[in-house]
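Just so you know, all these numbers are worked out from the coordinates, no wet-lab data involved. Note that the coordinates shown come from a computational prediction; the quantities given were computed from them, not determined experimentally. Using ideal geometry, Cβ is built from the backbone for each residue, glycine included, and neighbour counts are taken over all protein chains shown.
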Amino acid sequence: MSRLDTYSLMLFEQTDRIGGTWVYTDETHLDKHGLLIHSSMYKNLRTNIPKEVMQIPDFPYQNQEGPSFVHHSVIREYLLDYAKHFNLYPYIKFNTLVKHVEPEILKNGQTLWIVTYEDLESKVETTKIFDAVVLCNGHYTVGHIPHIPGIESFHGRCIHSHQYRIPEVYAGKRICILGASWSGIDIAIEISQYADKVYLSHNLTERIDSKMSSNVEQRPSIESIQGNVFIFRDGSSAEVDSFIYCTGYKFTYPFMSTKVEIRTDNNHVEPIYKHLMHMDYTNLFFMGLPAIVIPFPMFHIQAQYILGILEGRIQLLSPQRMREEYEIEKKSLLDQGIQLRHINKLKDRQWAYYDEIAAAANVPSLPPVMKKIFDHVSDMRDINFTTYKNYQYRIIDNENFSVSYCKPC
């Protein structure tokens, strides 16, 4: 935020408020402008990592007491406080839809960006030219819905987790949830408090050992559907009243010119260098692509890396060298058995990533205590998914933390 007096900055926000995916709404399909509801937030969601590792380094939480795994409204308030503290509101154009982003290459080789946007209230379109573009449009809006043979014969309630809001509507029902990432398990446990039975279907090679509610039963992936009968890949079947896809989301950039190569096959964005910068356009950035990370601290370090590039402090490789380096790294990960669609799920690889881009930008990386807390949370989650959010964490110093168990928390 210290460079606001150096750059002419413009932030485009499609809705009328700050918060992005942290804004809760009962609406699940279209907003008042006929656009897709951006947020996938459900009413009772609590964070799946503690707030102690969700702090932006230059803006700690005002209240360090209380639960570590907080309600989503606490995170949104934190973001509002951040925007107020750094006086960001004058730079934000609310209710503004970015319609087109086009590169223009000058004779000297410099790339400028022609951005066309619409004021959703007045319907007035405007076009401006920018020296750099940072895409922060998120990737939790357009759900990935795999085809299942026979799905058209199922007449029960069927949604993607993007539309999930409250568990009460599933009272007394038999539910099948497809997908067992964090959100799939979290929703399964929440619904199990009301549902008669929850079938958690997934294609993991091993069963999830973490303790879950007694009426949650794991099944392999779905082979086919015949009416309200779901047939699983092991030959077993179950009668189902409601079905929820917890199958992830798609990366989408509908506003980007076709002149810019962006591949999103297998839920993996290419050609992106360091999970952040387009290899052909060194002034086009993609914030927040990695998953299974500590997001806000990562955004902070990514922003410092972007700043280092814009200020010329980071010497970049040629596009060809970047692609060669990227392909070597990708092949190494694929050889380790990591599927292409999971390459952006950093988890244990996130710490080396932060260290690398922080060093390149000549800024501090994250203290070791962040990794220690993250790893402890992962261990507790693996043991019991129903209770891990009852732990309270306190950072003592850059190396050490304390943890206590509280019930309820």
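Points worth noting:
- Distances between placed amide hydrogens fall under 5 Å for Ser224 paired with Ile231, all partners being 5 or more residues away or on another chain.
- Each Lys and Arg adds +1 at its Cβ and each Asp and Glu adds -1 at its Cβ; summed about the Cα centre, segment 151-245 shows a dipole of about 80 debye.
- The rule of thumb for compact globular proteins, 2.2 N^0.38 Å, goes into the C-alpha radius of gyration of the chain 1.03 times.
- Average silhouette area of segment 151-245, convex hull of alpha-carbon atoms, in square nanometres: 5.6
- Descending semi-axes in whole angstrom, ellipsoid equivalent of segment 140-191, from the Cα gyration tensor: 18, 16, 11
- Summarising the strand pairing of segment 151-245, around 30 percent of its internal DSSP beta bridges are antiparallel.
- In this Cβ point-charge picture (+1 for Lys and Arg, -1 for Asp and Glu), the chain has a dipole of about 280 debye about its Cα centre.
- Violating pairs (Cα-Cα greater than 28 angstrom) within the set Lys93/Lys371; Lys99/Lys347; Lys211/Lys345; Lys173/Lys389: Lys93/Lys371; Lys99/Lys347
- Residue-wise HN-Hα couplings along segment 380-397, as the Karplus relation 6.51 cos²θ - 1.76 cosθ + 1.60 with θ = phi - 60° gives them from phi, are 5, 5, 5, 7, 8, 5, 7, 10, 5, 7, 8, 7, 10, 10, 9, 7, 8, 7 Hz; Gly and Pro carry x.
- The alpha carbon radius of gyration of segment 277-409, expressed as a multiple of 2.2 N^0.38 Å, is 1.25.
- Simple Cβ-charge dipole of segment 163-212, Lys/Arg +1 and Asp/Glu -1, about Cα centre, in debye nearest 20: 140
- Sorted largest first, the principal axis extents computed over the alpha-carbon atoms of segment 92-217 equal 65, 37, 31 Å.
- Put a dot 7 Å past the Cα of Thr127, heading toward its Cβ, do the same for Asp16, and the two dots end up 3.0 nm apart.
- C-alpha center-to-center spacing [segment 175-199, segment 239-259] in angstrom: 19
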